[in-house]
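Encoded as structure tokens, the structure appears first; notes follow it.
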Amino acid sequence: MSERPIPWWAPKIGDGEYALVRDVLASDYLNEGEVTTRFEREIATLTGAKHAVATTSGTTALFLALAALGIGHGDEVIVPDLTFIASANAVKLTGATPVLADVDRATLNLCPEALERAITPRTRAIMPVHVSGRAADLAAIGTVAKAHGIPIVEDAAEALTSRAGGKSLGTIGVAGCLSFSPNKTITTGQGGMVLTDDDALHGRLRELKDHGRPVRGTGGDDVHHSVGFNFKLTNLQAAVGLGQLAYLRERLDRQKRNYELYARGLAELDGLTLPGFNLTGGEAPLWTDAIVERRDALDRFLAARRMHCRRFWFPLHTQAPYRQPDDRFPGAMWAGPRALWLPSAFTLTDQDVECVVAAVREFLKSAN
Ligand SMILES: Cc1ncc(COP(=O)(O)O)c(C=O)c1O
């Protein structure tokens, strides 16, 4: 039993955010403005993206990226079957059809062979998801994408600063999307960002997120080039994000440390494996995920000892809006019910993680 509850995740707000938010309040300019622009620049610098466009959420970032590519009714976008439902919903919001493709059992990410099989003449984009911060196989996915001339829009909601092949995830496809919801390394409450190096796409993103205006408007005699939406991230939210950036490095280090302690403490066990992270390749763990034979029993065992996990999403094809036969998705059907996020908060101590490791080992010993 842990002395205090060990959370699966816990966001944290520090003094810096209070000061920055107070400045915005004192300025009387709460709307999207210069503070948002600063936040965008910081994220662009951090990721090496040429452009970063703030939005109201990761979901609207994905929608915006697809819409800016001209994707809509009659089009198809390939999405992995094991992801947060936002990935598919963002496609749906454009009017296009999300085409689900199976995932790889070892990585829990989009399976390149399943991707290839899912391509049709209507496929207009591929949306790999970097689950838990682990890179989807972008080399193999890129080869398929290139062969068919289809752009990649990365769902990097869980992968801020995570890297593969020397580049930040989210900057490898034509566009990549981040989320700043409360269970991410840094949060703005809700918020998202589209990353792109493409100048023309950047222009479209800016217009689309603000009612078709090419520049920040007055709300009066503005020139609107196209139909657009309102996905502005306010100065207030951006102030929280800027404050949070001050802790980014230490949080990433702690998340990595959590994973390393789990990897060391849970190596070579019957009934549990960790998909793991390529740390030397630059992957940045957000949450440590595990594949567990008796997942629900382990989850209950740990919860009874005040150690909280999160069970993986149900495969999207089992959810009402996207229902399809199970036999099309053997990878997701195998991995989904076995996958569990262990306590992964950046607020954990070594002692917390060691406590979880000991409890997991105790469970596995009694189960085997
Ligand atoms: C993989 C994935 N895609 C998309 C999203 C949607 O982001 P948001 O909640 O900011 O809309 C999330 C996170 O919440 C996510 O984990």
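The values are calculated or read from the model by the stated rules, or taken from the named source; none is laboratory data. Treat the numbers as computed from the prediction; the structure is a model and nothing was measured. All Cβ positions, glycine included, derive from the backbone under ideal geometry; neighbour counts span all protein chains shown. Protein only, heavy atoms only, side chains kept; ligands, DNA and RNA dropped before computing areas. Shrake-Rupley method; radii C 1.70, N 1.55, O 1.52, S 1.80 Å.
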Where SER168 falls short, out of the listed (1) away from the ligand (no atom under 15 Å from the Cβ); (2) surrounded by fewer than 20 Cβ atoms within 10 Å (Cβ to Cβ); (3) among the small types (Gly, Ala, Ser): (2)
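With respect to GLY173, is the statement that it is in contact with a helix residue (DSSP H, G or I) (Cβ under 6 Å, 6 or more places away or on another chain), within 16 Å of the ligand (Cβ to nearest atom) and closer than 24 Å to GLY228 by Cα true?
Numbers: in contact with a helix residue (DSSP H, G or I) (Cβ under 6 Å, 6 or more places away or on another chain): no; within 16 Å of the ligand (Cβ to nearest atom): yes; closer than 24 Å to GLY228 by Cα: yes.
No, not satisfied.
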Criterion (closer than 23 Å to PHE363 by Cβ, without any contact (Cβ under 8 Å) to a residue 60 or more places away in the chain and of a type in the set (Gly, Ala, Ser)) met by exactly one of ALA320, ALA304, ALA297: ALA304
Test: residue in segment 259-275 that is touching a Ser or Thr at 6+ places or on another chain (Cβ under 8 Å), among the aromatic types (Phe, Trp, Tyr) and not assigned by TED's automatic domain parsing to the domain that holds ALA67: yes
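Can you confirm whether segment 10-18 contains a residue that is open to solvent by 10 Å² or more (accessible area, probe 1.4 Å), over 30 Å from ARG310 (Cβ atoms) and in contact with a helix residue (DSSP H, G or I) (Cβ under 6 Å, 6 or more places away or on another chain)? Give the steps one after another, and end with the answer.
Of all residues in segment 10-18, those open to solvent by 10 Å² or more (accessible area, probe 1.4 Å) come to 10-16, 18.
Checking the rest, the ones that are also over 30 Å from ARG310 (Cβ atoms) come to none.
Scanning segment 10-18 turns up no residue that is open to solvent by 10 Å² or more (accessible area, probe 1.4 Å), over 30 Å from ARG310 (Cβ atoms) and in contact with a helix residue (DSSP H, G or I) (Cβ under 6 Å, 6 or more places away or on another chain).
Give the residue that is farthest from GLY282 (Cα to Cα), with candidates limited to residues of segment 115-158 that are part of a loop (DSSP other than H, G, I, E, B) and of a type in the set (A, V, I, L, M, F, W, C).
Residues of segment 115-158 part of a loop (DSSP other than H, G, I, E, B): 119-122, 127-128, 130, 134-137, 149-151, 156-158.
Next cut, of a type in the set (A, V, I, L, M, F, W, C) only: 119, 127, 135-136, 150, 156-157.
Details: ILE119: 30, MET127: 21, ALA135: 10, ALA136: 13, ILE150: 26, ALA156: 14, ALA157: 17 Å.
It comes out as ILE119.
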Candidates PHE314, PHE346, filtered to the one that is within 24 Å of VAL99 (Cα to Cα) and under 17 Å from the mean Cα position of the chain (by Cα): PHE314
Breaking point among (1) assigned to a helix (DSSP H, G or I); (2) of a type in the set (Gly, Ala, Ser); (3) in contact with a helix residue (DSSP H, G or I) (Cβ under 8 Å, 6 or more places away or on another chain), for SER344: (1)
Hits in segment 101-124 (condition: within 15 Å of the ligand (Cβ to nearest atom), surrounded by 24 or more Cβ atoms within 10 Å (Cβ to Cβ) and touching a residue at least 40 places away in the same chain (Cβ under 8 Å)): VAL103, LEU108
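So which residues in segment 60-84 are within 13 Å of the ligand (Cβ to nearest atom) and more than 16 Å from GLY192 (Cα to Cα)?
At the first step, the residues of segment 60-84 found to be within 13 Å of the ligand (Cβ to nearest atom) are 60-66, 79-84.
Scanning segment 60-84 gives VAL79, PRO80, ASP81, LEU82, THR83.
So, of the residues in segment 176-189 that are out of contact with any Gly (no Cβ under 8 Å at 6 or more places or on another chain) and open to solvent by less than 30 Å² (accessible area, probe 1.4 Å), which turns out to be nearest to the ligand (Cβ to nearest atom)? Write out each step before concluding.
Keep residues of segment 176-189 that are out of contact with any Gly (no Cβ under 8 Å at 6 or more places or on another chain), which gives 183-185, 189.
Cutting the leftovers down to open to solvent by less than 30 Å² (accessible area, probe 1.4 Å) gives us 184-185.
Values: LYS184: 7, THR185: 12 Å.
Ranking the candidates gives LYS184 first.
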Given (1) within 27 Å of TYR18 (Cβ to Cβ); (2) at pLDDT below 95, number of the condition GLN244 does not satisfy: (2)
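What's the total number of residues in segment 219-256 that are among the acidic types (Asp, Glu) and buried (at least 18 other Cβ atoms within 10 Å of the Cβ)?
0
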Every residue from segment 348-368 that is β-branched (Val, Ile, Thr) and crowded, with 16+ Cβ neighbours inside 10 Å: VAL353, VAL356, VAL357, VAL360
